[in-house]
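Encoded as structure tokens, the structure appears first; notes follow it.
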Amino acid sequence: GDFVKKIVCIGAGYVGGPTMAVIAHHCPDYKVTVVDISQEKIALWNSDQLPIYEPGLYERVVQCRGRNLFFSTEVDKEIGEADIIFVTVNTPTKTYGEGAGRAVDLQFIEQTARRIKEISRSDKIVVEKSTIPVRAAETLRRILHSGNNSIHFEILSNPEFMAEGTAIRDMEEPDRILIGSMDTPQGRQARDELTRIYGHWVPKERVLTTNLWSSELSKLVANAFLAQRISSINSISALCEQTEADVTQVGHAIGMDTRIGAKFLNAGIGFGGSCFRKDLLNLIYLCEHYGLHPVAEFWQKVVDINDFQMQRFVQRMVNAMFNSIVGKKIAVFGFAFKPDTGDTRDAPAIHICRALLEERAWLSITDPHALPNAKKDMEGIPGEIDYLEDPYQAVKGAHAIALLTEWNQYRNLDYRKIHDLMEKPAFIFDGRNHLDHDALFDIGFNVYGVGKPAREHFE
Ligand code: UDX
């Protein structure tokens, strides 16, 4: 056809789908094809029921699909025709052998590279978009060029920084686009090629170019720093609970220092999601690999504080409820790792619910979108759990509410009615400091915010 260039994205997952939808939307002169071996996934991308929900995604897909955006299972054919290949296959944590539980499992990346090598008959730019360890580009380059002198592959690193729930906005108005390349004529040429694509909608000064290794490492470091801020404020929340300081006030006070900045300072039950823990463990593994043990220990503490925070939350619940929650019903408000998603990957709720069951409580879990995933996550864990759409049903006869995800709707419930439905004394443990604690206390609840003094009734 009359397209300038053909882009193919391998992997129709969480990164590939939204990224390519935005590129297709802004670059009508490029043909964008997302390929995946999963028939089921591709069928969904071609249907009205996209496999993932992100605000604005559906509109963009519908607008571009069949015009310059395509979803296909013909992986080989599309790779063969591509000028630029984005690799967004998943990079889970290794579950076996050396580095199990910490290192990244690179088998899918390697398989992809071998496939590209076998099929290609023309020069290509290969863009690593999946989060992969530093120097993975070197692995890619060696595999792609092994036993092959006629075809040239230029590797670029172009990590994505989008967060769930805001993926489209993060792509459309990014803080920055990072492109790492080799400092060779061909490397610079490939870099300019990719810069041109983003130039369709991203202001020039926001496109940052670095060497390959800086780009690869920056992705891990960005997530490690974000997670570190959360662990830092959470560590202080523990101290606040002992000293009558209020972590919200402390966070606000320090955040006004522009060197510190106001964002990502909300104390809570700890971070979850598919990236933070995984990337931290990966960074730690990398440091150990290079013998940098004090550096590895430093970042390990960020993970440790996160575990401590979840454990502390449960301990505070047990202590407040007269040192036993055996046979007591606890209503869990929210299971997703953050609001506006049904995603529960590494959600703190999983760890907290497990610990509550170990204390032999009985759980009724409610969440507007994450109940199907919650059921899967809690499968096989001994204990009694109800899953209820309706929070008013969930609190019937409960001794306590544990708020674990700050869904907006939890602010607008009738807490007087909820108090009536519960056992007395009634307890609320607000794991996200999301509710109006004064109002709840006045209704009669004993209220516990993270990093805040307990508000207890002693009649
Ligand atoms: C994150 C990064 O933000 C994104 O740039 C990267 O590309 C992928 O990982 P995401 O996992 O979607 O995105 O969620 P994010 O909004 O960053 O929240 C992660 C976790 O941190 C959540 O569990 C959230 O509740 C928690 N959090 C966040 C806090 O506990 N306190 C805060 O102040 C901010």
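Details
- Hits in region 5-60 (condition: open to solvent by 60 Å² or more (accessible area, probe 1.4 Å) and polar (S, T, N, Q)): GLN39, ASN46, GLN49
- Region 351-389, residues that are closer than 24 Å to LEU413 by Cβ and in contact (Cβ under 8 Å) with a residue 40 or more places away in the chain: ILE352, LEU356, ASP367, PRO368
- Considering each residue of region 236-245 in turn, none proves to be farther than 30 Å from HIS434 by Cβ and among the acidic types (Asp, Glu).
- Picking from residues in region 273-314 that are near the ligand (Cβ under 9 Å from one of its atoms) and open to solvent by 10 Å² or more (accessible area, probe 1.4 Å), the one that is nearest to PRO453 (Cα to Cα) is PHE276.
- Selection status of GLU216, open to solvent by less than 40 Å² (accessible area, probe 1.4 Å), outside the structural domain of VAL87 (by TED's automatic domain parsing), touching a residue at least 60 places away in the same chain (Cβ under 8 Å) and within 16 Å of the ligand (Cβ to nearest atom): yes
- Looking only at region 440-451, and only at residues there that are of a type outside the set (S, T, N, Q) and farther than 19 Å from GLY334 by Cβ, the one that is nearest to the chain's Cα centre (by Cα): PHE441
- Residue identified as over 30 Å from ARG312 (Cβ atoms), in contact (Cβ under 8 Å) with a residue 24 or more places away in the chain and within 14 Å of the ligand (Cβ to nearest atom) among LEU178, LEU194: LEU178
- Subset of region 319-347 (residues that are open to solvent by less than 10 Å² (accessible area, probe 1.4 Å) and either away from the ligand (no atom under 16 Å from the Cβ) or modelled with pLDDT under 95 (or both)): MET321, ILE325, ILE330, ALA331
- VAL61 vs. criteria of a type outside the set (Lys, Arg), farther than 23 Å from GLU193 by Cα, in contact with a helix residue (DSSP H, G or I) (Cβ under 7 Å, 6 or more places away or on another chain) and outside any loop (DSSP other than H, G, I, E, B): yes
- Helices (runs of 4 or more DSSP H) contained in region 247-343 and holding at least 2 residues within 18 Å of the chain's Cα centre (by Cα): 276-289, 293-320
Results for (1) over 30 Å from TRP299 (Cβ atoms); (2) at pLDDT 90 or above, shown as yes or no for each residue.
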site: GLN63; (1), (2): yes, yes
site: GLU81; (1), (2): yes, yes
site: ILE85; (1), (2): yes, yes
site: VAL89; (1), (2): no, no
site: GLN111; (1), (2): no, yes
site: ARG114; (1), (2): yes, yes
site: ILE119; (1), (2): yes, yes
site: VAL126; (1), (2): no, yes
site: SER157; (1), (2): no, yes
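- For region 419-448, the set of residues classified as closer than 13 Å to ILE401 by Cα, small (Gly, Ala, Ser) and without any contact (Cβ under 8 Å) to a residue 40 or more places away in the chain consists of ALA426 only.
The values are calculated or read from the model by the stated rules, or taken from the named source; none is laboratory data. Computed from a predicted structure; not experimentally measured. We place every Cβ from the backbone using ideal geometry, glycine too, and count neighbours over all the protein chains shown. Calculation scope for accessible area: heavy atoms of the full protein, side chains included, ligands and nucleic acids excluded. Shrake-Rupley method; radii C 1.70, N 1.55, O 1.52, S 1.80 Å.
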